Amino acid sequence: MATYSYVECLERSYKVNWKIKDVLGNLDFDLGRPWLPAGLSGAGDIFCLDAEEKRKLTHVEMGAYAHLFGFVEAFIAPQMLNLARSSSRENVGAFEALTNFASEEVKHMHLFREIRRRVDEKLGFPLELLEGQNEVAANVLSKHKGAVLLLTSAIEWLTQRHYISAMRDSDELDPLTKEVFRSHWMEEAQHAQLDHLEAVGLFKSMEDAERDTVIEDLIWLLAAVDGLLQQQVGHDVVNVARYLGRVFTPAERQEVRQGLLRAKRHCFIESGVTHPNFLELFLSVTTPDQQARVQGALGLVLRKHVGH
């Protein structure tokens, strides 16, 4: 299994650290370009839209994509502060690295708020977005620490996959998108490793019965994430129709909804739980029976059909 170091993660974090003003610079979104790749936005699977409308859909989806990252970081930052406090006396390196981790997540939240503001400004109206961030964060943090660490690990690794596989080598993607998520990717690389270290340490002395509780809570969290994605998709359909100035027929509305939901499930669930580095961690801290239970739950979530 991969080995990481708190001290090395902190050193790399200091090397790649950036300021929001330097990332954004004088760049602005270009309405003539896609702001998200087709696979992450859902544009590639919605056939009732023409090419121009698909490009505009990526503009709306950038707002939702940034918002959802900021949404999850609202529980990741306090989670890391809690872990830092518990390690402060035993491991100074862990304390410093985890505290820095939390600080960077807060910075990312501010970055994504600015991205949402710019999206609203360019589109000419405020997007409808998922609400209840603080309540959701409290509910997540009420679950077993091990389950929250596994969920966080999946999220951290999916940020790596999105940038490398869908953004880094794209020539058509908006330059501001590429710069924002290149910067995010650089810092999240250390976060993924720190989360791995914390999870391995936590599970090392965990009894089987407690691991079962972790699995129950992880399944609950995955279902909860899917519920939040479904809520955001409901807002997205309204936002897309408004931006396009179009009234969808019932069939078109359903097609748009299903295409967006498939994309969001892929973005925020599937691309994380199938990442090789997440799987290495997950398989090392769970039993075959526990793995089967999670896979079964994931299968139900990812195949679930949602109506109008």
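Of note:
- Signed unit charges on C-beta, dipole axis of the range 1-144, positive-most listed residue 86, 38, 140: 86
- Just the protein heavy atoms count here, and of the accessible area of the range 1-131 at 1.4 Å, carbon and sulfur take up 50 percent.
- Cβ-based charge dipole, the chain, positive-most Cα from 269, 206, 251: 251
- Applied to the range 187-201, the Karplus parametrisation 6.51 cos²θ - 1.76 cosθ + 1.60 on θ = phi - 60° returns per-residue 3J(HN,Hα) values of 7, 5, 4, 6, 4, 4, 6, 5, 4, 4, 4, 5, 5, 4, x Hz, with x for Gly and Pro.
- Computed from backbone phi, the HN-Hα couplings of the range 213-222 come to 5, 4, 5, 4, 5, 5, 4, 4, 5, 5 Hz, rounded to whole numbers (Karplus: 6.51 cos²θ - 1.76 cosθ + 1.60, θ = phi - 60°; Gly and Pro given as x).
- Residue-wise HN-Hα coupling along the range 26-37, computed from phi with Karplus coefficients 6.51, -1.76, 1.60 (Hz; x: Gly, Pro): 9, 6, 9, 5, 9, 5, x, 10, x, 9, 9, x
- Violating pairs (Cα-Cα greater than 21 angstrom) within the set 56/178; 21/107; 15/145; 143/204; 56/122: 15/145
- Cβ-based charge dipole, the chain, positive-most Cα from 68, 232, 196: 232
- Per residue, the average separation of C-alpha pairs within less than 8 Å and at least 6 apart gives the range 1-115 a relative contact order of 28 percent.
- Size of electric dipole in the range 202-264: Cβ of Lys, Arg +1 and of Asp, Glu -1, about Cα centre, debye, nearest 20: 660
- Take the chain with all the other protein chains still there, run a 1.4 Å probe, and you get 44 Å² of accessible area per residue.
- Packing-based order for 120-128, 153-161, using average beta carbon neighbours within 10 Å, highest first: 153-161, 120-128
- Principal axis analysis of the Cα atoms in the chain yields extents of 58, 44, 33 Å, listed in decreasing size.
- For the range 164-308, the relative contact order works out to 31 percent when only alpha carbon pairs closer than 8 Å and six or more residues apart are counted.
- Stokes-Einstein translational diffusion, the range 103-172 - Kirkwood Rh over all Cα pairs, 1.306 mPa s, 10 °C, in µm²/s: 106
- Shape category assigned to the range 129-205 from the gyration tensor of Cα positions, a/c cut at 1.5: oblate
- Helix 92-123 vs. the chain, principal-axis angle (Cα, 0 to 90°, nearest 10): 10
- Net dipole in debye of the range 149-308 [+1 Lys, Arg Cβ; -1 Asp, Glu Cβ; about Cα centre; nearest 20]: 760
- Protection-proxy order for peptides 242-248, 270-276, each taking the mean of Cβ atoms within 10 Å per residue, highest first: 270-276, 242-248
- Estimated dipole of the range 129-180 in Debye, rounded to 20 [Cβ of Lys and Arg +1, of Asp and Glu -1, Cα centre]: 420
- Helix 51-87 vs. the chain, principal-axis angle (Cα, 0 to 90°, nearest 10): 20
- Note: relative contact order over the chain, using C-alpha pairs below 8 Å and six or more positions apart, is 28 percent.
- Rounded, prolate or oblate (a/c below 1.5 giving rounded, otherwise prolate when a/b exceeds b/c) for the range 149-308 by Cα gyration tensor: oblate
The values are calculated or read from the model by the stated rules, or taken from the named source; none is laboratory data. Given the structure is predicted, the values throughout are model-derived calculations rather than measurements. Every residue, glycine among them, receives a Cβ derived from its backbone with ideal geometry; neighbour counts consider all protein chains shown. These accessible areas exclude ligands, DNA and RNA; they are computed on the full protein's heavy atoms, side chains included. Shrake-Rupley method; radii C 1.70, N 1.55, O 1.52, S 1.80 Å.
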